[in-house]
Amino acid sequence: MMVNNKVLLWKEKGIGRQISSFALRYGIYIVFVILCVLISVGSPVFLTVGNLSNILLQTSAVGIIAVGMTYVIIARGIDVSVGAIVALSSAVAVIAMKDGGQPWWIGLLLIFTTSLAIGIVNGFSTAYLRMPAFLVTLATMTMGRGLVLAISKGMNYWGLPKFYTTIGLGSIGPIPIPVVTMLLAFLIGHIILSHTIFGRKVYAVGGNPDAARLSGIDVEKIIFMTFVILAIYSGLACLVLTSRLNSFTPSMGIGFEFSAIAAVVIGGTSLFGGEGNIGGTLIGVLIIGVINNALNLLGVSVYWQDVVRGSIIFFAVLIDALRSKYAKTLES
């Protein structure tokens, strides 16, 4: 009888581990489906083609940033300057075109030059100078926001060259170009992270930097490159957002950093590094987009919307902490 009880306990424990493992891996997808069902019951407009297209458009810029943020967080980093990168890159490019009379391709070049410059500063300071990533990017965020106001003098600009309006307002078949750009960004990000040596090194650095260094990986170079990749994605997000709005405002990109971080963490990437994937990040982005859309459809006050967004970030971090703790329990 005692033997049978032990066997039964072992089986129950094994089944429990399988269920727990399944929940950790696929729970976010189930939550997304349930969320969509509940919102569609509350608002019949939610599942219309026009509204779903609007959700994808609204999340395109943050989604692109979230791809790069996934790399940084997997490598145990953080970057709160991405919103400022978007705003400053846009300010430099738009003002050069509008006030300086520069052609569209100069504006395009300035967007990526500016974003890359900030990404290099963030990456070099974090990887080689061993400065805390949060404080470094907080400093560049503050400087970037200040430069935006200094360069633009607080003015708004609109009416960009035709090339920009084509990117932001055009479509490939029925799919808007910003959405296509976001999906391509996710696809490329997934391929690099999951199917290349560089991607495996990112996971190794995030999982255990000391062990990665002993195995011959240039840890500093990998960390540096993750910030550069994020800067490139931030420049692409700037191009998508500026062209879609056909304008520039000094407040562009505010809150993008926290939305991107929340999406990445909700999607299963651990803030402790070494764990995560691009597919989960996509679901995290969609969950945030769906919630924002639902708040508008249900007529929630803009003041309370900020409370909800803050709560999402809080619970994203809480879930990550609980998930990491529970994962260790399953391994033991």
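The table below gives the values:
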{"quantity": "Enumerated helices (runs of 4 or more DSSP H) restricted to region 221-332, each holding at least 3 residues that are among the polar types (S, T, N, Q) and in contact (Cβ under 8 Å) with a residue 12 or more places away in the chain", "calculated": "278-297"}
{"quantity": "Flag if Glu275 is modelled with pLDDT of 90 or more, closer than 21 Å to Gly207 by Cα, of a type in the set (D, E, K, R) and surrounded by 14 or more Cβ atoms within 10 Å (Cβ to Cβ)", "calculated": "yes"}
{"quantity": "Of the criteria (1) outside any loop (DSSP other than H, G, I, E, B); (2) modelled with pLDDT of 90 or more; (3) of a type in the set (Phe, Trp, Tyr), which one Phe46 fails", "calculated": "(1)"}
{"quantity": "Any chance Val240 is surrounded by 20 or more Cβ atoms within 10 Å (Cβ to Cβ), β-branched (Val, Ile, Thr) and either at pLDDT below 95 or under 16 Å from the mean Cα position of the chain (by Cα) (or both)", "calculated": "yes"}
{"quantity": "Lone qualifier among Phe112, Phe124 - being surrounded by 14 or more Cβ atoms within 10 Å (Cβ to Cβ), of a type in the set (Phe, Trp, Tyr) and either farther than 21 Å from Arg244 by Cα or in contact with a Phe, Trp or Tyr (Cβ under 6 Å, 6 or more places away or on another chain) (or both)", "calculated": "Phe124"}
{"quantity": "Residues that are over 16 Å from Met69 (Cα atoms) and touching a helix residue (DSSP H, G or I) at 6+ places or on another chain (Cβ under 8 Å), drawn from region 202-223", "calculated": "Ala204, Pro209, Ala211, Ala212, Arg213, Ser215, Ile217, Val219, Glu220, Lys221"}
{"quantity": "Filter result (modelled with pLDDT under 95 and either part of a helix (DSSP H, G or I) or aromatic (Phe, Trp, Tyr) (or both)) within region 158-182", "calculated": "Trp158, Lys162, Phe163, Tyr164, Thr165, Thr166, Ile167, Gly168, Leu169"}
{"quantity": "Scope region 242-260; condition closer than 21 Å to Asp99 by Cβ, in contact with a helix residue (DSSP H, G or I) (Cβ under 6 Å, 6 or more places away or on another chain) and small (Gly, Ala, Ser); matching residues", "calculated": "Ser243, Gly253"}
{"quantity": "Residue within region 184-197 that is at positive phi and surrounded by fewer than 13 Cβ atoms within 10 Å (Cβ to Cβ) present", "calculated": "no"}
{"quantity": "Test result for Ile120, within 23 Å of Val72 (Cα to Cα) and among the β-branched types (Val, Ile, Thr)", "calculated": "yes"}
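The values are calculated or read from the model by the stated rules, or taken from the named source; none is laboratory data. What you see is a predicted model, and the numbers here were worked out from it, not measured in a lab. Cβ sites come from the backbone with ideal geometry, for glycine too, and all protein chains shown count toward neighbours.
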